[in-house]
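Q: Structure in structure tokens, see below.
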Amino acid sequence: MINRKRFLSVVIALLVFLAVIPSFAQGVTEVKVWIAFTDYRLDWARERATEFNALYPQYNVVIEGYDNYEVLFSATNLAFEQGTNPAIVQYFEAATQDARDANFDGVPHFKPISEAFGDRTEINGLAVDLNNFVEPVANYYTLDGSFTSMPWNTSSAIMFSNQAIFDAAGIEIPTTWEEVEAACAVIMALESAPANCITWPNHGWFFEQALAQQGADFVNNGNGREARATETFIASDAAVSYVNWWKNLQDMGYYVYTGVQRDWGGTYNTFIAQDVAMLVYSSSDTTALTNDGADAGFTVTASYMPYNQETGYVGNLIGGASLWLANGLATEVEDGALTFLLFFTNAQNDASWHQVTGYVPVTNAGLELLQAEGWYDESPNSLVASEQLANSEQTSATTGAIVGAFPQIRNFVTQAIENILVNGADISEALTEAQTLSNEALSEYNLLND
Amino acid sequence: MTHFSHEIIQDSSDMNRVMTSDTTKSLIRRLIPQRWYAHVVLWIACFFIGFPLFYAMLVSTQNNAQTINFQVIPGESLERNWQSVMVDRNLGRYMVNSVILAVIVTVGKTVLSLLSGLAFVYFRFPGKWVVFGFVLITVMMPTELLIIALFRFVSIQLDWGGTFQALALPFMASATGTFLFRQHFANIPSELSEASQMDGANPLQFLFRVLIPISWNTIGALAVIQFVYVWNMYLWPLLIAPGGADNQVVQVGLRSLLSVDTSISYGPLMLGAVIASLPPVIVFILLQKQFMSGFAITRDK
Amino acid sequence: MISTESTNIIITLIPAIIGAIYFIALFMRLNRSPIIGAIIGAGAGGIGAMVFMVPLGYCTFEPERKPIDAYFGIFLITIGVFVMLGIARSASNFLFAGRSGSLIAHQSSAGTFKGWLMPWLLLSPTLIILALFLYYPAMDTFRLSTLLARLGTSRTIFVCVDNFTRLLQPENFTLQTVLFFIIAIQLFIASQNTLKDKDSVWAQFFRLSLILSNLFFFFFVVLALLLNSSYYRVVITTFSLSTAIVIFSLIISLGIAYMAYQPIRGGNIYRTLLIWPYAISPPVAGIIFFIIFNNTGGVANHIIRFLGGDGFDWKDTTMAPLTIILASVWKALGFSILFYIAGLQNVPKDLLEAAAIDGANVWQRFVRITIPMLSPITFFLIITNISYAFFDIFGTIDFLTGGSGGTNVMIYEIYNLGIRNNDLGKSAAQSLVLFMLVVGITYLQFRTTGRRVSYGA
């Protein structure tokens, strides 16, 4: 005899089971993220993704790493044309205009995040606050009045000095161009003088920093922010004085050129090997530099990038990259992407990213968290970049240029500088040639993108 | 030992003359090998040729400080470097990818070349020489030249970006392979194929039962060349497969070793380079006899 | 330039007429009907002119264009006509005079299988893949080179031959054209006058003066252009690196092979130890030499200082190319050594012994007998090494110098332009220039050395 109660309970259990299964069988939304790191920074990002996936099981964030920004840029373009694009792509700051223009048959690749957020104040429990960003960062990535991409890794150009050498020479760390020359004169006269005095990578970014410090725009139309840029100012007076100072340093044996363009690795090693006393570098490697210096037996002191005393100090630029949201995503995917973006840049992660790498905290909340934890007391070097940015006057020059074909233009600049440093080309001529080539490339770019 | 006795027998006429004069001189002559100057030159040459790899292996066991200080004894960082390379940077996975790719392309290319060689030598058909020219001209068109257009074609129109077939398919056909087999088959007496036809074999059976068994040297030669070539491909995988993706090949994977922690890390970089070189070198050394004979046949005749 | 329609027709007719005249002469020599010759010649000439102009839409001769575009158009037509006439001539030789070229070996019909479907089936995979992955991208490269195209936007603009003329630096155009024509004519004459049975003193003198004046003009061109254009710098870098690699490779490998081919103890072991770098990939060679020649941590400077020297800056414009050459030669040696050993072993010993009896010493025997006997192998190795230096060197450069320090060669610049600078049109144009260069070099090789290659007594 079948117990009716038992029969009913079994049926009910089955029904409950059937009701629950569909929600389990509901697909997990995949959110693809492409970034341009393949080292410990990729590892950090993947750890965050794992945490996120545990917190939000309905999403599965997958992070793929690429060798560098250029390769990522090409891969992204192709992916969009094929329709297999990711949800989030990391574009470096110089590719901002390219990202804005990027389209396939008129359909833009990316959607501004402020548009994607809309009026929502919270997504999946996370608060939306686009005012939380540090001012220079917010200014850079605000285009046409709205936030286009989510800032992530941001750095500035600062100087690292070998404190041991400076102590031996008994001088202060220089802050202006003049002071650098004077300091080098003293240092090179030491008995235990290093092979050279100062170095930095031949990368367009430092050139742009020097222009910004002197308050000079890199391109026209309000540095490309008021309207589409059509001309570059590579041969401007500010540029010429910078390169003059640079070449002078080399002629006096103070600056050493490692011989390769964009040589982040070589210049880094030269400093750690104590072959130079000063290194102008990206603040993104502050932690690593400090630690490697300590391992090699000397203290590394970070300070502001030296500026032109004749023009005075206006401000420095940010560098780095931001995360762009793809256009045309399905709603769940877009929501997942937005949630991940908020999670990725929350206070803890912002602080942690800074501590592991040296990129500046982009949110005020992250900055406060670090200060509350006493991080900056332990690592004073890490504060320098943030302070330098905070001290920068916000003008069109220091906000940063927005221009198409920027990577190509940077290549023209570094090529011209190499010509000057290695082949002894005339500074004005070389820079003018770079300017002509850049303007040509820019006009071609504008022809295709207007 | 056999070499030594061989030289003694060769020298016997000399020995007879010498025996009558000075026994110590003959002793010396026996101990110093003939053409000692050749040995000296060869030793020097082998040293210079081998030095880069020995140095690479040495650095693989050291950490940065030891490398910069030119320590000549191996360090103890092999474990740590191995960890960074194979586990953190996933080079093990890339090695597997490269092996699979190289084997598949080698086999595919060999098969296709065998079929084409068979067609060119054992058939007459209208338009044969036009087709021959069609294949011949591709020798002038290395993929590196067409790399940009090929890239766009494969990624956009075929939609194969980052896939395995994108890495393998463009290289499955080979003009050099076709010509190699054509040359080889053309040197085989036609009686073999006549006999086969009389036995009622169709072309494919002829290929499998008669031609292939006598072509192992050429097949081996082609296999070695292709395996090494595919394994060492760099520009194409660089373009078509993303950097950190799972189906990346080892040559491009080496790029990510340029900076493991922060600055350049010599140890892992060299270790990766050494590991990435082992398979092709081993294959080449094992099959060098075939490689030589495969080419010698076309040289001599 | 008046009306475009009529100019286009005239432009096509002139080569047709030239082709017709050439073929009339050719056919009269062959004792064949000159009318058929005229038709074939006109057809070949006309098609040759149209093969480039039709896809371009005769855009190089449009009134708005600069003269340099017109000259480039003429250049393209010349190439087209040259190639078509050559093909037509070989075809007519084959069909009408029964002479077949050396490439097409005569085959008896013995041993062939019946049927025509089977061979097509056998060939189809190869043909499909070649057509799809080689010929189609080749066509596309032509198409891309006439466009203004960038990665990231699908819009393109047709710019005719601007991508090419830009490479030629229009400012110095007249000077360049004159010099190039002089060099081209001289090279052409030199390639025609190869081996004559009676090499009179005058003929040798003439040839020598041609070579010297070529070198002089080339030097002059190099000076004038090196100062002006970045593309010429790239071309010259390519040439100098390639020449150095080929010369060093061949000389060193011949020397080593000469020591290793004789029956000595452990000959096989030596051989293995010498040739294994062939299996190393160019990127790995770049990596290893990058570390060895590193300015700060490299062992090369360490050894030099140990021996009392000062250490070099391996990244400056004299040293960086040297490191690339060293890395490439190191890698390419093995292949050449292997072939030279085989070749040396095939030199007939009786020839050498006969010469020895005649009183020739080792050096004379080497130069007069061994080297000529090795000429087919040398020829083969030159082509292989040139191909290596032009293309495979990419991986080495990418890891060793990143293109800086005077090591930017054509293949690297193509990659740079296309992928780093996102400029697809110019990259495609440069690919085509490189392609023409390779074809031209191979053609010259075949014409000048190919005939002198002695295949044995």
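Q: Give all pairs with beta carbons closer than 7 Å in which a residue from region B:173-190 that is in the same structural domain as B:GLY117 (by TED's automatic domain parsing) meets a residue that is surrounded by fewer than 16 Cβ atoms within 10 Å (Cβ to Cβ) and of a type in the set (Lys, Arg); count only pairs at least 6 apart in sequence or on separate chains.
A: Between residues of region B:173-190 that are in the same structural domain as B:GLY117 (by TED's automatic domain parsing) and residues that are surrounded by fewer than 16 Cβ atoms within 10 Å (Cβ to Cβ) and of a type in the set (Lys, Arg), the close pairs are B:ASN187/B:LYS301.
Here is a yes/no grid of residues against (1) among the hydrophobic types (A, V, I, L, M, F, W, C); (2) within 30 Å of C:ILE419 (Cα to Cα):
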residue: B:ALA166; (1), (2): yes, yes
residue: B:MET172; (1), (2): yes, yes
residue: B:LEU180; (1), (2): yes, no
residue: B:GLU191; (1), (2): no, no
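Q: Could you tell me whether region A:238-252 includes any residue that is more than 16 Å from A:GLU418 (Cβ to Cβ), in contact with a Gly (Cβ under 8 Å, 6 or more places away or on another chain) and within 14 Å of another protein chain (Cβ to nearest Cβ)?
A: no
Q: Something else about it: Could you list all residues from region A:113-133 that are in contact with a Leu (Cβ under 8 Å, 6 or more places away or on another chain) and either outside any helix (DSSP H, G or I) or within 14 Å of chain B (Cβ to nearest Cβ) (or both)?
A: A:ILE123, A:LEU126, A:ALA127, A:VAL128
Q: Being at the interface with chain C (Cβ under 7 Å from one of its Cβ atoms) and open to solvent by 20 Å² or more (accessible area, probe 1.4 Å) is the filter; apply it to region B:96-125 and report the residue that is farthest from B:THR178 (Cα to Cα).
A: The selected residue is B:ARG124.
Q: Further question: So, in region A:290-329, exactly how many residues are assigned to a helix (DSSP H, G or I) and either touching a strand residue (DSSP E or B) at 6+ places or on another chain (Cβ under 8 Å) or of a type in the set (D, E, K, R) (or both)?
A: Count: 5.
Q: Let me ask you something else. With the structure loaded, tell me whether A:TRP375 is in contact with a strand residue (DSSP E or B) (Cβ under 8 Å, 6 or more places away or on another chain), under 30 Å from A:GLY125 (Cβ atoms) and not hydroxyl-bearing (Ser, Thr, Tyr) or whether it fails that test.
A: The answer is no for A:TRP375.
Q: Let me ask something else about it. In region C:135-154, which residues are touching a Gly at 6+ places or on another chain (Cβ under 9 Å) and among the basic types (Lys, Arg)?
A: C:ARG150
Q: If you don't mind, another one. Tell me which residues, restricted to region C:339-387, are open to solvent by 20 Å² or more (accessible area, probe 1.4 Å) and of a type in the set (Ser, Thr, Tyr).
A: C:SER375, C:THR378, C:THR384, C:SER387
Q: Let me ask something else. So, of the residues in region A:64-97 that are among the β-branched types (Val, Ile, Thr) and buried (at least 24 other Cβ atoms within 10 Å of the Cβ), which turns out to be nearest to A:ALA229 (Cα to Cα)?
A: Of everything passing the filter in region A:64-97, A:THR96 is nearest to A:ALA229 (Cα to Cα).
Q: Examine region C:302-312 for a residue that is in contact with a helix residue (DSSP H, G or I) (Cβ under 7 Å, 6 or more places away or on another chain) and buried (at least 18 other Cβ atoms within 10 Å of the Cβ), and state whether such a residue exists.
A: Among the residues of region C:302-312, not one is in contact with a helix residue (DSSP H, G or I) (Cβ under 7 Å, 6 or more places away or on another chain) and buried (at least 18 other Cβ atoms within 10 Å of the Cβ), which makes the answer no.
Q: Kindly provide the set of residues from region C:109-128 that are of a type in the set (A, V, I, L, M) and either surrounded by fewer than 21 Cβ atoms within 10 Å (Cβ to Cβ) or more than 8 Å from every other protein chain (Cβ to nearest Cβ) (or both), ordered by number.
A: Listed by number, the residues that qualify are C:ALA110, C:LEU117, C:MET118, C:LEU121, C:LEU127, C:ILE128.
Q: Tally up the residues in region C:48-71 that are under 25 Å from C:PHE181 (Cβ atoms), part of a helix (DSSP H, G or I) and open to solvent by 30 Å² or more (accessible area, probe 1.4 Å), please.
A: Looking only at that region, the number is 5.
Q: Let me ask you something else. Which of the residues spanning region A:417-442 are at the interface with chain C (Cβ under 10 Å from one of its Cβ atoms) and closer than 20 Å to A:ALA227 by Cα?
A: Once the filter is applied, which keeps residues that are at the interface with chain C (Cβ under 10 Å from one of its Cβ atoms) and closer than 20 Å to A:ALA227 by Cα, region A:417-442 yields A:GLU440, A:ALA441.
Q: Select, from A:GLU440, A:GLU444, A:GLU418, A:GLU387, the only residue that is in a helix (DSSP H, G or I), among the charged types (D, E, K, R) and closer than 21 Å to A:ASP263 by Cβ.
A: Going through A:GLU440, A:GLU444, A:GLU418, A:GLU387 in turn, just one is in a helix (DSSP H, G or I), among the charged types (D, E, K, R) and closer than 21 Å to A:ASP263 by Cβ: A:GLU418.
Q: So, one more: Can you give me the ranges of the helices (runs of 4 or more DSSP H) entirely in region C:256-371 with at least 1 residues that are farther than 30 Å from B:PRO237 by Cβ and without any contact (Cβ under 8 Å) to a residue 12 or more places away in the chain?
A: Once the helices (runs of 4 or more DSSP H) in region C:256-371 are filtered for at least 1 residues that are farther than 30 Å from B:PRO237 by Cβ and without any contact (Cβ under 8 Å) to a residue 12 or more places away in the chain, what remains is C:267-275, C:299-306, C:349-357, C:362-365.
Q: Could you tell me whether A:ASP275 is within 26 Å of A:ILE88 (Cβ to Cβ) and charged (D, E, K, R)?
A: no
Q: Taking the residues in region A:26-44 that are without any contact (Cβ under 8 Å) to a residue 24 or more places away in the chain and within 23 Å of the chain's Cα centre (by Cα) as candidates, determine which candidate is farthest from B:ASP88 (Cα to Cα).
A: So the residue we want is A:LEU42.
The values are calculated or read from the model by the stated rules, or taken from the named source; none is laboratory data. If you're wondering where the values come from, they're calculated on a predicted model, not measured in any experiment. So basically every Cβ, Gly included, is an ideal-geometry build from the backbone, and we count neighbours across all protein chains shown. Each accessible area value is taken on the protein alone, full model and side chains, heavy atoms only, with ligands, DNA and RNA left out. Shrake-Rupley method; radii C 1.70, N 1.55, O 1.52, S 1.80 Å.
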